[in-house]
Each structure stands twice: as C-alpha cells, then as structure tokens.
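First up is the structure itself, then whatever we jot down about it.
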Amino acid sequence: MKIGCCLSCCLTLHSQTWIRINQLGYTTHGIKTGIYCSKNKEVIDSFKLIEAGNKTTVASFPAGEGFGSYGPFQQTYRLNFSAFHAAGLYYLQAGTTISPVFSINDTVYNGAADFCLQYMRQQRSGFNPFLKDSCHTHDGYTLYAASAGLKDSSHIDVTGGWHDASDYLQYSSTSANATFHLLMAYRDFPQVFADHKQSNGLDSSNGIADVLDEAKWGLVWLLKMHPSDGLLFNQLGDDRDHRGMRIPKEDSYYGKGFERPVYFITGEPQQRGKFMNKTTGTSSTAAKFTSAFALGYTLFKNQDTAFAGLLKTKAFSAYAFANRKTGVTQTVSVVSPYIYEETDWEDDMGLAAVQLYDLTKQQHYLQDASNWLKDASTQTWQGKDTARHYQFYPFINPGVEEFAIASNSKKNKISIMQLYKQQLEAVWRKAKHNAFYRAIPFIWCSNNLTVAFATESYWYRKATHDNQYAELEQAAFDWIFGCNPWGKCMVYGLPSKGDTPVDPHSAFTHLKNYPINGGLVDGPVYTSIYNGLIGIKLTHEDRYKDFQSDLAVYHDDYGDYSSNEPTMDGTANLVYLLAAREYESHTAISIPAPKKINHHHVTFSHGAIIRSDSTQKEIALVFTADEFGEGIPKITAALKQEKVKGSFFFTGRFYNNPFNSAAIRLLYQHGHYLGPHSNDHLLYCDWSKRDSTLITRGTFIHDFTLNEEAMKNQFHYDPTVKYFIPPYEWWNDDVSRWCHESGISLFNLTPGSATNADYTYPEMGSSYVSSRDLLQHIKKLTQRPNGINGYILLIHAGTDPRRTDKLYDHLDELIHYLKAKGYHFKRIDELLNQ
C-alpha cells in the first residue's frame, strides 16, 4: 500500500482554491483542459502555462466565463489550453494557485492498457498468477437446475474466471461483458498490446498478446458456465461471501464443504434476500455469452481451430437459450437486498445478433440486430439523474458500434449512430452547465459509467467524424485521472506519480499490502446514497473532507465499499478505452507534420493565437477581403518588389466572384498563402456581449465548408494545417472550440496593431484614422521592448470608395521601414509553423 498524504492536498494544504488536471497527461494536439475551483467566489481573468523545469511562462490564456458553483466549490472555470502543442512538463497557474505538474506528449498513454491487465490477472479464480496459488478449486454445486435435469447440489466444474470485485463472487453477465471488451481491444488495437505473460499469467512470452490470453481465460470459464445446450448458469457464489475479508483460498460459507452454489438461469424470479428478484427471462445473460463466444471465434480461428470451433457452436446454442424466454436475468442474494438489478436486455440481443451476422453473413441477423438495438435505445442511464444498481447494463451499448462496423450501407451506419448521438446529446444538455462537464449520475460504479461514456463518445466520433462531443468525451476521460473535485485519479497506481487510491476496499491491500495495479475503483456516489448504505464506517480521518459536499462523496478509505472498491468489469472497459487512446496518439505521431511552433512567449485569446513568439523579430502581413479587393494589384506589386510573401484570407463570396479570379490565381502563382475568411462574412457573436453566440455549430461548419469549396474552384487547396482568421476579426470560446474540434487553426490580428482601422473613412467622424497616423503608430510600437515581434498585421485588400487614403498604397514604405528595423516577414503558416 502507498503511504503519504495525497498530492493535491500537499500542494494546497491551506488553500481555498485548486486547479484540477488530468494527471496522466495530455497529447500534443489533443484537447487540454484544467478546472479552477474555489471555495470562495473568486474571479479570474486569465491563467498561465508554465514550464516546470525553469518555471518560465510559455503561454497565457483567457479564463473565459466562470461556471459558478459545483459540489464543494463556489466558483469554477474551465481552463482550456488546447491551442498549445509543445511537448514537455508543465503546470498551470491562475493567480497564486498552481496545479500539479503534468506531461504534454504523445506517449502519455503508452503501456496504460497493459498496466490495467495486471488487475485482471490478479482477479483470476482457480490458479491465481499474482499469488502463485490456487483458490476456489471445488466449485460448485447447482441450484434451480431441476428443470434441466440436474438435481439441486449436483456437482459441476466451474473453476476459473475472475472474481467480480474485492469480494469473490463471480457473475456471468459481468464476466461476459469484460471478456467482450478485452476481445474488442485486441481486435481494434492489436499493436498496442505486449506479450510478457504465459496463458496462466506467469512471466514469459508465449507468442500471444497478454490481452488475448486474458480474454481466453474469461472464455474458458464462460464455456464451463454453459456446458450444454440446456444448461446456462448466471452466477457462482452469493452474498454470503461477504462474511469477512480474506485472501482468496477456499470458502466454506455455503454449507457444502468448499463448494459454492452455481445458479441456473430459469427465466423466473429467484431469491433476493428476504424477497425475490425481478427476473423475467433468459436473454440478458445468455446473449452476452453469444457475443463473447462469436467474437472469440473470429479472433482464435487462425490460432486454435478446435477451441474456435467450440466457441462457434456455443455462440449459437447460447443465442437459442437467450430466445427461450425473452427478458432479463437478475442476480441472486441470500442475506442482503443488494443485487445487480439489470432491467434491459434488448441491447444484449442486438449485440448478439450482430456477432452472429459476422459469423454467417445471414441478413436476417442484421435485421434482428437493427430491431433490437432500436428497441433498446430508450433503455439507458444517459440523461437520467439516477438509476438502480447495474439497471442498464452494460453501461455502454456496443451493439450500435458493432452494427455500424458490420453494415455495408453508409445510410444504415449514419442512421444507427443517431442512437449514440441522442444519448450524448442528453448528457451534454446537462453537462454544459458545470465546469467539469459532468452529467453522469453518482450511483454505484459511477466511474464505470464514466469510462463507458467516454468509450461511446469515442465510437461515435470515430464512426461519424463529428467532433462536437469531443470535449465532453475528454472531460469524462480527464475525470478518471484527476480532473474531478477531489483531484483523485481513480485507477490504482496509474499514473505512478499521481494521486491514486492508497486504501481501497480490497483484501489484497488491506491485509497484505499487495498493490492492485490497474484496478478502477467504483467512484463517487451521491451523498444521499452513501448515507443510506449498510455497514459503512471510515477507518481513518477523511483526507478529502474539504471536497465532500451535499452532491457527492468519495473516500480513499478501506471502509467505504461504495466509492473505493475496484471492479473487474469496469477495469476491462478501461483497458479498451486506454488502448484506443494509445492507438490514436500513435496514429498522430506516425503522420508527418511540419515543424511545431515555439510556444514560448506566444499569446492566445479565446483559443486563438493573436501573437507569435515575442522574442523573435518575425511578423506576418495578412490581407483580408470580402466585398472590396481593388488594392490587390498594388499589394501584389509591392510584395513582389520587396520579395516578401503575404497571407491572403478571402470570403467565399470574394473567391466566387469571377472578377477576382485573375488576381487570386496570380497570388497563388507568386507563392502567397491563401486561406478562408468564412463564406458569407457572418457575425459569430454579439459585439457587446461576446459570450452570446449568434450562430450554431452546424451553421459555422456549413459556412466554412462553402468557403473551402470556393477556394478549391480557384486553385489547389489541401493544406496540412487549415489557418483561419474569423470574419470581422471577432469570435468567442464557442467558435474556438468548434475550430479545434474540426482541425482548424484559429488566429487573429495582434490587438493594438491598429492597421485594421484602414477600413475607416472620413464620414465616420472620430473613428476615422488616416494612413499616415497608422504608419506612425506602427513606428511607435517598434520603439518598445520586443517591439512588434511576432505581430500579425492586418491590412484590408480593399476598402469602401469613400476612403481615398488607402493604407495599401503605403505598403512599400511600411515594409522598407520594418526591414530597416531588422524585421523578417513570414507567411502566416511560417510564423505559426505548427
């Protein structure tokens, strides 16, 4: 067990303000957000990104609007620094408050999925490779199976599988779900996983990825739990297991030596403490068997033909069993009322049908899958404030993703993904109102729901290329690794220097100080749930008492089984999510990219770069046009004479005007940069209330796409980085987020440069500024420390005819002067060479 005070508490022992970050780290081009939290109603305007080694500020960002109270805090802000891309070690600072140190690089996820497999191996029943000993070798004796020809107490060999959590119960539904996630992880990201273990979990490679070895361990036990067509069992052991913490060995709690009861699926209600559960059918568990067996066949058919053949046979027999009586199978308890109260089963049938389609290519399975999945679409926790324990299980519906993969119809793929979109939108409607973007209910296993939600968001984004929920997805991922009110990473030992659980509800740690590396703990629960639970008593002073609230609690304490107990199935889902993250970061690395900008001394505003490196005497001349462009011939001539490259950003209306075609093509031939400036020169946000967005994301994307199409009609436009200056040079945080989600690099002129006032004319009264005054202003700026280093100067390529004093007529004079001062002119893509 780890010893010592938590990192976040040590850093801010007497503080009333904190900054929460993802302690695992951020990728260079990924979404990067921290959360500023205050017990007071403190207001911040900006925050800094500071290099940890030399403690120098490398970038500053606006804090944006506060989100107000959440949980224990009176004020919160989202600190978005996604526009920063340089690798290194950093921390955030807002006022006097600093965050823990974190990494930005494209290796932050390396090995994380394999790390979590350690917990899966440690959960093995039968031979346990961590203990190098065997346990539960006498399982088990049957119950409820008389209708299938087995008297109660008949022996059946079901040794193996995984213990469900820190107790030693074993459930078919969670084991089948975990097995399926491990199989998917290998199928989708085989290059992520290593081979360091034998099939029994001991050290030494065997030519098979460790994740596939672990999945096979689950498959072998599921085969035992479905030994013949008429026999399929739902669980091994029951809540009599909870009579005491012990290292797994042999249990004698059940009245039949060391054997444990094995509960047959009858499709009828069975025991729940003093009552009966609400089982209605055979589908939910049996269909999960089908999916695991079918995908297992696909992955093992070229490695072990006999084993794969058995899996294929059992996939069909389990599906037949699922159809015996369509409905849900709940678990059994004897002493207490706590069970897995699953009420949905259509999602399991849909996934099973997709997997059988993959095996047979018989169209009726795909049609059945479509029907089941649509029926299941309303059976979800997304958008709800609460749910019963494991009511909607699995917490994610993989059938939608699998249907999208299996379908050869783009129309069907888009249609099925709308089921995910509805769920994501239901969460987003609530999440967008708090700084943590949190709208996942704090029920038991809230971390499992969080991991499932991040995975579903990833599947939606990957299938549709719609990034509108990408920041919501990242917020869920960040939550797991410390960007939550408690500043707590929820995975034991990951990252190694993070504030991870030190006293989980686990016999391994509590009795033997054995690490449970990679185990995902349950996570925060509603305070109202916690206060009503049986038998909870904290064993030491609450280190997180400052962060508990009437909303939710989390305790890093062995005594809290509701928030600090690791689970096998949640960890298996996390293995998939971490594998996806590692794969994406590797994919990003493998794509050749131009040299990155030096972000030291770079200035951002509302997510846009407004000044490049202020230590370098480099500037960019940017020219924009919408309605007027009469100055382009003079501008082109001056740039050619001075051997300077400029950057031109025109609206779609300007590009589509045939009178401008010759000038546009000449600019392109001379090697100037040409980019978008919106199609219809839209006003994105209110002039007086900047956070009031006047357009929708859909309108923004549609308008930008039309602008790009207009450019492609004039010249070859296929940039590695899409640089974009907003219309009216006016934008807000929404626009910045949309740009980031769509791979658009947003920038703007440097405030205070004033050259953009060249659009004014005398009839505007005091707003009018002459070209001579604009030139004098630039000259004064060059006299200051750092002058106009890194400036982005904007000059309009054309102005209203009522302005006869055109600044572009003085372009050669301006260039002469700045060259004499030692300035070098760069295209915008060179100045912002990301």
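The values are calculated or read from the model by the stated rules, or taken from the named source; none is laboratory data. The structure displayed is predicted, hence computed values, not measured ones. All Cβ positions, even for glycine, are placed from backbone atoms using ideal geometry, and neighbour counts span all protein chains on display. Note: accessible area is taken over every heavy atom of the protein model, side chains too, but ligands, DNA and RNA are not part of it. Shrake-Rupley method; radii C 1.70, N 1.55, O 1.52, S 1.80 Å.
Every residue, every condition in (1) hydrophobic (A, V, I, L, M, F, W, C); (2) touching a helix residue (DSSP H, G or I) at 6+ places or on another chain (Cβ under 9 Å); (3) without any contact (Cβ under 8 Å) to a residue 60 or more places away in the chain, yes or no:
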residue	(1), (2), (3)
626	no, yes, no
641	no, yes, no
670	no, yes, yes
674	yes, yes, yes
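Every condition in (1) in contact with a Lys or Arg (Cβ under 8 Å, 6 or more places away or on another chain); (2) farther than 30 Å from residue 357 by Cβ; (3) at pLDDT below 95 is met by residue 441 except one, and the failing one is (3). If the condition is being open to solvent by 50 Å² or more (accessible area, probe 1.4 Å), under 20 Å from residue 268 (Cβ atoms) and either in contact (Cβ under 8 Å) with a residue 40 or more places away in the chain or small (Gly, Ala, Ser) (or both), then the range 134-156 contributes 144, 146, 147, 149, 153. A search for C-beta distances below 7 Å between a residue of the range 198-209 that is at positive phi and any residue that is of a type outside the set (Gly, Ala, Ser) and at pLDDT 95 or above, counting only pairs 6+ apart in sequence or on different chains, returns 201/121; 201/124; 201/129; 204/198; 207/195. For the range 494-503, the set of residues classified as open to solvent by 10 Å² or more (accessible area, probe 1.4 Å) and out of contact with any His (no Cβ under 8 Å at 6 or more places or on another chain) consists of 494, 495, 496, 497, 498, 502, listed by residue number.
Scanning the range 782-816 for residues that are out of contact with any Ser or Thr (no Cβ under 8 Å at 6 or more places or on another chain) and under 27 Å from residue 602 (Cα atoms) yields a count of 9. Checked against the criterion of being of a type in the set (A, V, I, L, M, F, W, C), part of a loop (DSSP other than H, G, I, E, B) and under 19 Å from residue 607 (Cβ atoms), the range 45-54 has no qualifying residue.
Exactly one residue out of 397, 412 is touching a Phe, Trp or Tyr at 6+ places or on another chain (Cβ under 9 Å), surrounded by 15 or more Cβ atoms within 10 Å (Cβ to Cβ) and under 18 Å from residue 440 (Cβ atoms): that is 397. Within the range 300-358, the residues that satisfy the criterion of being within 31 Å of the chain's Cα centre (by Cα), more than 22 Å from residue 390 (Cα to Cα) and open to solvent by less than 50 Å² (accessible area, probe 1.4 Å) are 300, 353, 354, 355, 356, 357. If you filter the range 7-22 down to residues that are at pLDDT 90 or above and surrounded by fewer than 22 Cβ atoms within 10 Å (Cβ to Cβ), you find that the one that is nearest to residue 475 (Cα to Cα) is 17.
Within the range 437-485, the residues that satisfy the criterion of being at positive phi and either open to solvent by less than 10 Å² (accessible area, probe 1.4 Å) or of a type in the set (A, V, I, L, M, F, W, C) (or both) are 445, 482. For the range 585-607, the criterion of being open to solvent by less than 30 Å² (accessible area, probe 1.4 Å), under 27 Å from the mean Cα position of the chain (by Cα) and at pLDDT 95 or above is satisfied by no residue at all.
The set of residues in the range 105-133 being part of a loop (DSSP other than H, G, I, E, B), more than 22 Å from the chain's Cα centre (by Cα) and surrounded by fewer than 21 Cβ atoms within 10 Å (Cβ to Cβ) consists of 129, 130, 131, 132. Residues in the range 210-262 that are in a loop (DSSP other than H, G, I, E, B), touching a residue at least 12 places away in the same chain (Cβ under 8 Å) and of a type in the set (Gly, Ala, Ser): 230, 237, 257. One residue alone among 513, 531, 517 is touching a residue at least 12 places away in the same chain (Cβ under 8 Å) and more than 22 Å from residue 451 (Cα to Cα), and that residue is 513.
In this entry, residue 291 passes the filter for residues that are among the small types (Gly, Ala, Ser) and buried (at least 17 other Cβ atoms within 10 Å of the Cβ).
Considering only residues in the range 713-754 that are in contact (Cβ under 8 Å) with a residue 40 or more places away in the chain and charged (D, E, K, R), the one that is least open to solvent (accessible area, probe 1.4 Å) turns out to be 741. Number of residues in the range 488-508 that are in contact (Cβ under 8 Å) with a residue 24 or more places away in the chain, out of contact with any Lys or Arg (no Cβ under 9 Å at 6 or more places or on another chain) and of a type in the set (S, T, N, Q): the value is 1. If you check 520, 533 for being at pLDDT below 95 and open to solvent by less than 60 Å² (accessible area, probe 1.4 Å), only one passes: 533. Checking the stated criteria, residue 180 turns out not to satisfy the condition of being in contact with a Phe, Trp or Tyr (Cβ under 6 Å, 6 or more places away or on another chain) and at negative phi. Set side by side, the residues 34, 25, 95 differ, and just one is of a type outside the set (D, E, K, R), out of contact with any His (no Cβ under 6 Å at 6 or more places or on another chain), open to solvent by less than 20 Å² (accessible area, probe 1.4 Å) and at positive phi, which is 25.
Against the definition (modelled with pLDDT of 95 or more, of a type outside the set (D, E, K, R), touching a strand residue (DSSP E or B) at 6+ places or on another chain (Cβ under 8 Å) and crowded, with 19+ Cβ neighbours inside 10 Å), how does residue 527 come out, yes or no? Criteria not met by residue 527.
Filtered by the rule that a residue be closer than 26 Å to residue 735 by Cβ, outside any helix (DSSP H, G or I) and touching a residue at least 60 places away in the same chain (Cβ under 8 Å), the range 441-487 gives 467, 468, 483. Tallying residues that are closer than 17 Å to residue 768 by Cβ, without any contact (Cβ under 8 Å) to a residue 60 or more places away in the chain and of a type in the set (Ser, Thr, Tyr) within the range 797-820 yields 1.
Of the candidates 60, 82, 46, 69, the single residue that is within 22 Å of the chain's Cα centre (by Cα) and not aromatic (Phe, Trp, Tyr) is 82.
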